[in-house]
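Everything below concerns the one structure shown next.
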Amino acid sequence: MADVISAPFHAGTTPVERRNYLTEPKGLWSWLATVDHKRIGIMYLISVMAFFLVGGIFALLIRLSLFDPSHMIFGHKMLDAETYNKVFTMHGVIMVFLFIIPSIPAALGNFVLPMMLGAKDVAFPRLNLASFYIYWTGAALAMVAIVTGGVDTGWTFYTPYSTSTQTSVAWMAMGIFIAGFSSIFTGLNFIATIHKLRAPGMGWFDMPLFCWGMYATALMQVLATPVLAITLLLMTIERLFRIGIFDASLGGDPVLFQHFFWFYSHPAVYIMIVPGMAIVSEIIPVFSRKTIFGYRMIAFSSIGIALIGFLVWGHHMFVAGQSQTAVVVFSFLTFIVAIPSAIKVWNWLATMYHGSISLETPMLYAISFILLFAIGGLTGVFLGALSLDVHLTDTYFVVAHFHYVMMGGTVVAFLGGLHYWWPKITGRMYNERLGQIAAALVFIGFNATFFPQFIMGGQGMPRRYYNYLPQFQPMHAFSTVGSWIIGAGLFLTLGYLLASLRKPYDAPDNPWGGKTMEWQTQSPPLTENFEVQPVATHGPYDFFPVGTH
Amino acid sequence: MQGSAYAAQVDVFYMFVVWLCVFFFLLIAGIAVYSVIRYRHKPGDVTPHWTHNNKLEFAWTIVPLIIMMVIFVWGVKGYTEAAVPPGDAQEIRVTAKQWVWEFEYPDGSRAINELHVQVNKPVKFVMSSEDVIHDFFVPDMRVKHDILPDRYTEIWFNPTALGKHHFECAEYCGRGHSDMGGTLYVDDEASYQKWLETGGVDASMPLDKLGAMLYESKGCSSCHSLDGSPSQGPSWKGVFGHPVQLSDGRTVMADENYLRESILVSNAKIVKGFDSIMPVFQGVLRQREVDGLVAYIKTLGKK
Amino acid sequence: MSSISTPVTEAHEDAAHGQHDPNLQHHFATKEQQFDTSKIGIWLFLATEILMFGGLFVGFAYMQSRFPEAFFEGHKHLLKVAGTLNTVVLLVSSFTMVLAVHYARTSKRKKLIICLAITMFCALIFLGVKYIEYTHEFSEGLYPGRYFSNPDDPTGHEFIFFSFYFMMTGLHGIHILAGLCVMAWLLRRAIRGDFSRNYYTPVDVVGLYWHLVDIIWIYLFPLLYLIR
């Protein structure tokens, strides 16, 4: 153990061509029909990165169009109003449903979760493969929606606009309906895996915190996503058959749609952030070389967020037309749900304090997460306060808040996890210097893009606005330039990650000195993960257990 | 700008939360940065095996909880004040539609995209939509509320700051969502009364310039283009002096009377290929304003 | 300390033995572990179904509270006898399904096949009765949504009741059909002799699904047909 801790992180071992899950079995069909969780994870990884790229390009187009009220930049006229409305809708839909929600669970979680538990695979490998193809079926329908004219309702599909607009809403809704089942089945798989496939000796409180996070996420995926399914189904049938549930002119209730929609979509945002927190809980102890502080509190806080997260959906609707009583209850619960997230932040900081910290790329992203999630979470406090929310809702303040938590939080954590497990997944080390530069570009670019949006929102700049008052132009321009810096960082990342794949295997089996089970086997792993069934003989973060110093 | 006493109260609350967030962010960032610097890895480091501390967990759970509850209560207090209009508030009816605001006063006066209220007199807005969900947002007053098609919703404020304030639609409603803005004028008593009587029209402005100004301020631009392209309504370019085909099959000449009728009683004649969705401006536009619009349309070139 | 131990454990011995069993998947150590995992899986899946149908039940309750007379008038058009018959048929099918699982677990292949067949037959009866009901309703002009026409509707909002009626019974019917298809697959495997006391998980798991489909109908029937 001492040799693992004191060995420099970049101990190069002689590249050894060992058999591993990448090299055998061979052939395209062996990948497309695989039931190996690691190969499925890689296929998801490529897919979500592709959609991240598409959604990101839409984002760049949005920001280019907002550089100036004339929608001109560098002498070019950017999007017109109708196209702009479609682009921000599709940016939201693609990012939320095809990138962020599957990103950590289906891409990284699929790969890492069974290994962390000492298992050979997830509970239902064939269902895992089916999930992947269901995801792509949904994505295909979403793409049909895009090429048949796009959707212009906003990702929230509020009725009656969504039931009356002439754009391709039905295709898009059905695409997401189907993709939702992918999320449900992934969650179902993970719950069963965590319950039944832990290694001998690994009780609930011996498993890595990443697993607790994935468990809480999976509970939400299984319980919340079916409500989205029925909501989208009802909205589509309302569009096609005018059944009268959401359309006011037929006696329906447009606010009912909002209740249905947010009943899923609020837990959805926790489905997005809890996996990110789970990754941070892995990275911080390893790169601080210190056991995690408050293991049980972090574990329970994930469950707490999952449970209370089902009770706060009305805070998206404070000015939508609910009763005053409802509004007060939802505000109260919103303040309660803030507490478990704060608990995690304190425990991470207590882990770093008196640690032995090195700043490799995964740790840079984990620290970025703490700072950016802190801002995102703290600004949520503004929005939970009723009188402040009345002013700030539907403005750029909300846009800034959710980008801080979804991008500054989840995407940053995803990048951290990607770099952390890159050596395990690919057997190669990425270029560390470029990784640090890219992480810095993403951090700086992100703040430049989104911090001004808090200020704009407070000053009354509404969201989803194509035209805006000239007084907001300087901040919009600044934000646009920020988006280019993020883009530079992300394209740089894509570049050096792909470049690393052209090298021979040069990653040590455990470059970071981690204590969790995935690091106790070769990089890249065998198809069956472990040569023999591992038994849990120590905790996941036992860097210097009592008695060693 | 703080348009009311309530807005000032909201700002105090807002700044309290801002400073609270600044404090906590600096605390968090401070501990993180300090740890990174002070506890930077050196070979041979051995770190303490701290697994948990229940007292600390209790402390950093309870203190944030108390702070959250303070903010919760403060928010409820402000909200209750904003949600319940005083009994003597003057009522203005608001109708929102894609993509124009219509306001109706108790005396029957009507206005489009422009709102006049008297300073220091509470006013409440009873709102409904003719189509999709909209939202009436007055940033300077720090209030907004969604506007629904199947029921009335309300907001109110008591304006204390004279002058112009902007209002806008804050619930995405389609192509013209970001064009759906307007100006709220907070007038002293005398100016307000004068406005109610005359509609605030400037008698010295040339008619065609007046028409060009009204084209924007009354929301005609939301639906009528100037370049010949059809939108929600027919383009104004080249209309005057040419025959127009109507939806009932008739063909009429677009002379001054046709223009005047189409402006004031829009549903009398509908151009073929368009729907009858134009607001009725009878009682909203003063005579001189109608003259201005007709004059302006006459200046627009051939198709 | 390493977390990988040398391999002489009971779990490994069982696994080595179990590798010969074609019904034990490679990532499970014991049949028991595999069976328990499958049970967790199906219960989770049933939870998702409850939440999905739950949304429809909530929507129904809300709209009924808005238009109580319309819902009352609307439900009068439904064929209570047909609905009652279907309820009985499904209850019988649940019973035969329970028997099927029992016979699978006790290696009684012939009885398993008979019970599965009867269950499937009940499902077909259910679908047939629903076909008759729908035909009757369509003949009275009672279609979903925009195609609805009932000139005798005193409330003007009966069509909303029928929107929910068709959506809920339609979605339920799709689940009956899916169950029928899955049972056909089970039947084929049963005839092939795949199930015995050593391995009957698919039958057990489909049985649970079928019970849920039955329970959903038990809620639907009074809600739609027996409104007061």
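At a glance:
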quantity	calculated
Per-region count, segment B:128-144, residues crowded, with 24+ Cβ neighbours inside 10 Å and either farther than 21 Å from B:T80 by Cα or facing another protein chain (nearest Cβ under 7 Å) (or both)	9
B:M127 vs. criteria in contact with a helix residue (DSSP H, G or I) (Cβ under 6 Å, 6 or more places away or on another chain) and at pLDDT 95 or above	no
Any hit, segment A:417-430, residues being more than 11 Å from chain B (Cβ to nearest Cβ), part of a helix (DSSP H, G or I) and within 23 Å of A:A320 (Cα to Cα)	no
Any chance A:I336 is surrounded by fewer than 23 Cβ atoms within 10 Å (Cβ to Cβ), β-branched (V, I, T), away from chain B (no Cβ under 14 Å) and assigned to a helix (DSSP H, G or I)	no
One residue from A:S356, A:S281 being touching a Lys or Arg at 6+ places or on another chain (Cβ under 9 Å) and either within 8 Å of another protein chain (Cβ to nearest Cβ) or of a type in the set (D, E) (or both)	A:S356
Segment A:152-181 - residue that is in a helix (DSSP H, G or I) and within 14 Å of chain B (Cβ to nearest Cβ) and, of those, surrounded by the fewest Cβ atoms within 10 Å (Cβ to Cβ)	A:S164
Those residues of segment B:3-48 which are assigned to a helix (DSSP H, G or I), facing another protein chain (nearest Cβ under 7 Å) and either more than 21 Å from A:L383 (Cα to Cα) or without any contact (Cβ under 8 Å) to a residue 24 or more places away in the chain (or both), in sequence order	B:Y14, B:C21, B:F24, B:F25, B:I28, B:A29, B:I31, B:A32, B:S35, B:V36
All positions within segment A:54-76 that are in contact (Cβ under 8 Å) with a residue 40 or more places away in the chain and within 19 Å of A:G92 (Cα to Cα)	A:V54, A:G55, A:G56, A:A59, A:L60, A:R63, A:L64, A:S65, A:L66
The listed residue being away from chain B (no Cβ under 11 Å) and either surrounded by 21 or more Cβ atoms within 10 Å (Cβ to Cβ) or at negative phi (or both), out of A:T351, A:T361	A:T361
Test set (1) in a helix (DSSP H, G or I); (2) more than 26 Å from the chain's Cα centre (by Cα); (3) in contact (Cβ under 8 Å) with a residue 24 or more places away in the chain; (4) facing chain C (nearest Cβ under 10 Å) - A:F260 fails condition number	(2)
Residue in segment C:145-153 that is of a type outside the set (A, V, I, L, M, F, W, C) and modelled with pLDDT of 95 or more present	no
Test for A:R464: is it at pLDDT 95 or above, at positive phi and not acidic (D, E)	yes
The listed residue being assigned to a helix (DSSP H, G or I) and within 30 Å of C:K76 (Cβ to Cβ), out of C:L180, C:L212, C:L208	C:L212
Positions within segment C:86-113 being among the β-branched types (V, I, T) and either surrounded by 15 or more Cβ atoms within 10 Å (Cβ to Cβ) or part of a helix (DSSP H, G or I) (or both), in sequence order	C:T87, C:V88, C:V89, C:V92, C:T96, C:V98, C:V101, C:I113
Whichever residue in segment B:155-174 is within 12 Å of another protein chain (Cβ to nearest Cβ) and not in a strand (DSSP E or B) and, among such residues, is farthest from the chain's Cα centre (by Cα)	B:G174
Qualifying positions in segment B:192-232 - polar (S, T, N, Q), free of Cβ contacts under 8 Å to residues at least 60 places away in the same chain and away from chain A (no Cβ under 14 Å)	B:Q193, B:S204
Residue in segment A:301-319 that is under 19 Å from B:P64 (Cα atoms), touching a residue at least 12 places away in the same chain (Cβ under 8 Å), within 8 Å of another protein chain (Cβ to nearest Cβ) and surrounded by fewer than 23 Cβ atoms within 10 Å (Cβ to Cβ) present	no
Boolean, B:S178 is crowded, with 19+ Cβ neighbours inside 10 Å, among the small types (G, A, S) and part of a helix (DSSP H, G or I)	yes
Condition broken by B:W195, with the remaining ones in (1) out of contact with any His (no Cβ under 8 Å at 6 or more places or on another chain); (2) part of a helix (DSSP H, G or I) satisfied	(1)
Test for C:L116: is it outside any loop (DSSP other than H, G, I, E, B) and hydrophobic (A, V, I, L, M, F, W, C)	yes
Candidates B:V17, B:V94, B:V100 - the one that is modelled with pLDDT of 95 or more, assigned by TED's automatic domain parsing to the domain that holds B:G181 and either in contact with a Pro (Cβ under 9 Å, 6 or more places away or on another chain) or within 30 Å of B:S276 (Cα to Cα) (or both)	B:V94
Counted residues, segment A:237-257 - those being facing chain C (nearest Cβ under 7 Å) and among the polar types (S, T, N, Q)	0
Selected residue [at pLDDT below 90, of a type in the set (G, A, S) and either loosely packed, with under 15 Cβ neighbours inside 10 Å or at positive phi (or both)] from C:A16, C:A61	C:A16
Residue that is farthest from A:G276 (Cα to Cα), among those in segment A:344-375 that are in a helix (DSSP H, G or I) and not hydrophobic (A, V, I, L, M, F, W, C)	A:T351
Total residues in segment A:381-404, condition in a helix (DSSP H, G or I), touching a Lys or Arg at 6+ places or on another chain (Cβ under 8 Å) and hydroxyl-bearing (S, T, Y)	2
Filtered residues of segment B:260-303 (kept if part of a loop (DSSP other than H, G, I, E, B), touching a residue at least 60 places away in the same chain (Cβ under 8 Å) and touching a helix residue (DSSP H, G or I) at 6+ places or on another chain (Cβ under 8 Å))	B:F281, B:L285, B:R286
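Here's the yes/no breakdown for (1) crowded, with 16+ Cβ neighbours inside 10 Å; (2) within 7 Å of another protein chain (Cβ to nearest Cβ); (3) modelled with pLDDT of 95 or more; (4) assigned to a loop (DSSP other than H, G, I, E, B):
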{"residue": "B:K55", "(1), (2), (3), (4)": "no, no, yes, no"}
{"residue": "B:A59", "(1), (2), (3), (4)": "no, no, yes, no"}
{"residue": "B:G75", "(1), (2), (3), (4)": "yes, yes, yes, no"}
{"residue": "B:G87", "(1), (2), (3), (4)": "no, no, no, yes"}
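The values are calculated or read from the model by the stated rules, or taken from the named source; none is laboratory data. This structure is a prediction, so every number in the text was calculated from the model and none was measured. So basically every Cβ, Gly included, is an ideal-geometry build from the backbone, and we count neighbours across all protein chains shown.
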